[in-house]
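Asker: This structure is in structure tokens; I'll ask about it shortly.
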Amino acid sequence: MIMQIKGKVKFPITLDIGTWIFDDRKVDLDTYFDEEKQGLNEEEEYLKKTGKFFDRELKEGANPQDAVRTKPKWKRQHLKTGSFGIFIHIFLKNAEPLADAKKIVFETKNGPVAFPLAEAEHFILAFSHQGNALKETGPLHLLFDDGSNRDHPIQYVSGVTIE
């Protein structure tokens, strides 16, 4: 359950897919394609939350126990039965594609599948279905964030190369 991002990147990285279930950046694929999309991207959402927190601290003072009292985003039972994925652009930011990189190539059992690198922000890597790892057709499935290939994802994705 290991995946590599390699090629024309400043920092080639190796990812452990098995730990993604604990990552708060994952998306619930059971509801993601059906809910209405908000106009905010995740960085704007983060800045809004941080701004609200900062404003509250200025008015009320800091409370060091706030970090201890955070509620989990996902309920344990839902993690055992849900379907989840994570946007690949989160990891590409860390790998830092080089300026001359133009394509993202997904390595699959059926051969490589290439797309323009600029489209990478719209790709979701599905890693679980109904609480189970994608062992038979995985380790990953590639989904488009508009849901257009939701019923027929690109399967057997095992690595990513930036060209």
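No lab work stands behind these numbers, since they all come straight from the coordinates. The structure presented is a predicted model; accordingly, all values stated were derived computationally and were not measured. Positions of Cβ are backbone-derived with ideal geometry, glycine not excepted, and every protein chain shown enters the neighbour counts.
Asker: What whole-number value in cubic angstrom gives the convex hull volume per residue for the C-alpha atoms of the range 122-163?
Answerer: About 77 Å³ per residue, rounded to a whole number.
Asker: For the pair residue 150/residue 35, report the inter-label distance in nm, with labels modelled 7 Å from Cα in the Cβ direction.
Answerer: 1.4 nm
Asker: Okay, next question. What FRET efficiency would be calculated for the residue pair residue 47, residue 107, taking the C-beta separation as r and a Förster radius of 41 Å, to the nearest 0.05? Mind dumping the intermediate values first?
Answerer: Working: r = 35 Å, r/R0 = 0.85.
Efficiency at R0 = 41 Å is approximately 0.75.
Asker: Once you put a point 7 Å from the Cα of residue 136 and another 7 Å from the Cα of residue 10, both along the Cβ direction, what distance in nm separates them?
Answerer: The modelled label-to-label distance comes out at 4.3 nm.
Asker: Please tell me which of these pairs span more than 31 angstrom C-alpha to C-alpha: 10/109; 80/102; 6/52; 26/59; 49/135; 26/102?
Answerer: 80/102; 6/52; 26/59; 49/135
Asker: Run the numbers for residue 54 and residue 96: contour at 0.36 nm per residue of separation, minus the present Cα-Cα distance, in nm.
Answerer: On the way: separation 42, 0.36 × 42 = 15.12 nm, distance 2.99 nm.
This chain segment gains 12.1 nm when fully extended.
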